[in-house]
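The values are calculated or read from the model by the stated rules, or taken from the named source; none is laboratory data. The shown structure was predicted, so the numbers you read here are calculated from the model rather than taken from an experiment. We place every Cβ from the backbone using ideal geometry, glycine too, and count neighbours over all the protein chains shown.
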Amino acid sequence: MTGDMPEAGDAPTIGDNPEPERTSHRGGFGDYGGDAGGQFIERTFRERIVLVGVALAPRTLDEADAGLDELALLVDTAGADEAGRLVQRRDRIDPSTYVGRGKLEEILSVCEAVDADTVVFDNDLSPAQQGTLEKVLGRSALDRTAVILDIFAQNASSTEGKAQVELAQLRYRLPRLRGKGGGLSQQGGGIGTRGPGETQLEVDRRRLVRRVHTLETRLEQISRHRATQRKGRGRSRVTKLSLVGYTNAGKSTLLNRLSDAGVVAEDRLFATLDATTRRVELPGGEAVLMTDTVGFIRRLPHQLVEAFKGTLEVVVESDLLVHVVDASASDPGGQVVAVREVLAEIDAADVPEMMVLNKTDAVDADTLAELTRRYPDAIHASAGTGWNVEEVLAGIAERLRAETQLVELAMPFARGDVLASIHREGEVVSESTDDEGYVVWARLDPPGLALLDRWIRTDEEAPVPEVPSS
């Protein structure tokens with residue numbers, strides 16, 4: 001915890017009586033979406049943030065403090081500074097304030113000591129808890145979800161990305177709307193104002209619901225357009241790969257190394273939100289489509305997973321997932337678990353996976369040995385320097401070949417269309433002619449085998465050509 005703590009006798013007292021509402025501090029969250037302009041953290045200046053973590057059994061205090069380390073990175077990415085932090089162990093949450101009245105006094109003391117603008121909890125808060133906390137603390141009270149939504153709002157650049165983030169934000173804001181007082185209500189006395197009328201809160205809620213429906217319709221149209229594009233790519237039988245991994249693991253940097261994609265790659269969280277697909281040539285000569293996807297994080301907000309499901313469909317439909325892991329992270333194993341949890345949530349847990357331990361040049365020998373023991377099949381590389389990226393391509397080619405079957409096909413000279421289909425459907429290993437026509441050895445996946453079944457030779461005496469090394 002940073003900052004000088006006030007003396008115990010100077011701590012404000014919060015009794016059993018309701019706390020009088022305090023004058024709001026200068027944080028940017030506003031009335032949970034009233035006129036905050038789509039942001040949760042004020043960006044006209046660097047807000048001072050107090051971080052709060054609660055360790056609920058079986059979580060330990062050390063684990064809660066490690067969670068605050070990541071939350072501090074999120075807050076910094078959102079454009080604010082950590083001014084202090086507190087960690088608490090509880091058996092169960094307090095339904096009113098989450099932390100309980102005693103801890104709330106301590107939080108208020110720290111906020112006043114360091115002149116904090118906002119308090120951010122590393123836990124999900126209910127709308128009622130947020131309202132109570134703001135009333136008592138006199139400051140914006142946010143949770144981890146709000147910070148992540150704020151970062152996504154800053155980084156979204158495409159029309160689809162902006163719509164997805166706005167939809168997630170509105171779904172988060174709707175249950176948190178608060179009334180702004182009777183002055184803005186249509187209820188009152190006088191001609192034209194008598195009767196039940198309509199409160200400003202109801203107007204705001206109806207406006208937000210209408211906007212949610214508009215965004216859902218727009219994203220559904222984009223999703224249909226994407227589905228049409230995927231059908232076109234599916235007819236071409238080009239193999240599809242997706243780069244997945246924790247945020248800031250180096251997925252965009254790796255795609256740039258492999259394809260000169262020109263994707264924005266920065267050393268910060270969630271630098272890339274929009275999916276980018278590029279054509280990549282493998283060592284054996286076959287081409288694949290590789291897609292860079294949005295990075296994942298522990299406890300990724302459900303609103304974001306729902307909003308980005310259209311974009312993440314490319315992951316579900318991939319032939320292979322290239323799981324990029326930051327080997328230099330403080331807890332790479334925990335990041336791997338977090339990524340696989342999100343993959344399971346979007347129904348992509350059964351897609352074949354190849355792991356790449358990235359940034360291994362920044363890891364000491366003992367750590368690297370432990371990671372090698374834990375993930376023996378992973379490929380070590382450094383996308384930033386380009387070290388061993390050729391091995392990544394070779395590994396991808398080997399994994400894809402493992403899913404195929406090497407077969408011999410024969411067709412008459414008049415069936416050049418079949419020869420073209422073989423080149424389109426699989427990887428041609430050798431091609432020759434005999435007295436009857438073309439003879440081709442090729443690697444085909446199950447759909448290709450089914451399509452070209454009538455041309456496959458079953459002569460077991462035919463010599464198998466030597467497969468070129470990748």
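Remarks
- One residue alone among Leu125, Leu149 is outside any loop (DSSP other than H, G, I, E, B) and of a type outside the set (Gly, Ala, Ser), and that residue is Leu149.
- Among residues of the range 186-203, those that are part of a loop (DSSP other than H, G, I, E, B), surrounded by 14 or more Cβ atoms within 10 Å (Cβ to Cβ) and modelled with pLDDT of 50 or more, counted: 1
- Residues satisfying the stated conditions in the range 441-454, i.e. buried (at least 20 other Cβ atoms within 10 Å of the Cβ) and over 23 Å from Pro283 (Cβ atoms): Leu452
- Exactly one residue out of Thr159, Thr97, Thr145 is at negative phi and in contact with a Ser or Thr (Cβ under 6 Å, 6 or more places away or on another chain): that is Thr97.
- Only a single criterion out of (1) surrounded by 24 or more Cβ atoms within 10 Å (Cβ to Cβ); (2) in the same structural domain as Ser109 (by TED's automatic domain parsing) is not satisfied by Ala168, namely (2).
- Residue check for Arg206: over 24 Å from Ala275 (Cβ atoms) and at pLDDT 85 or above: yes
- Residue count for the range 413-440, restricted to those that are among the small types (Gly, Ala, Ser) and under 25 Å from Leu282 (Cβ atoms): 5
- Residues in the range 331-357 that are among the β-branched types (Val, Ile, Thr) and assigned to a helix (DSSP H, G or I) were compared, and the one that is farthest from Glu63 (Cα to Cα) is Val342.
- Test for Gly183: is it closer than 30 Å to Leu451 by Cβ, at pLDDT below 65 and assigned to a helix (DSSP H, G or I): no
- The set of residues in the range 352-373 that are touching a residue at least 60 places away in the same chain (Cβ under 8 Å) and of a type in the set (A, V, I, L, M) contains only Val356.
- Selection from the range 371-385 of residues that are in a helix (DSSP H, G or I) and loosely packed, with under 14 Cβ neighbours inside 10 Å: Arg373, Arg374
- The range 110-131, subset surrounded by fewer than 18 Cβ atoms within 10 Å (Cβ to Cβ) and more than 24 Å from Ile297 (Cα to Cα), residue farthest from the chain's Cα centre (by Cα): Glu112
- Neighbours by Cβ (under 7 Å, 6+ apart or cross-chain): first from the range 89-105, assigned by TED's automatic domain parsing to the domain that holds Ala128; second in a loop (DSSP other than H, G, I, E, B) and of a type in the set (Ser, Thr, Tyr): Leu104/Thr97
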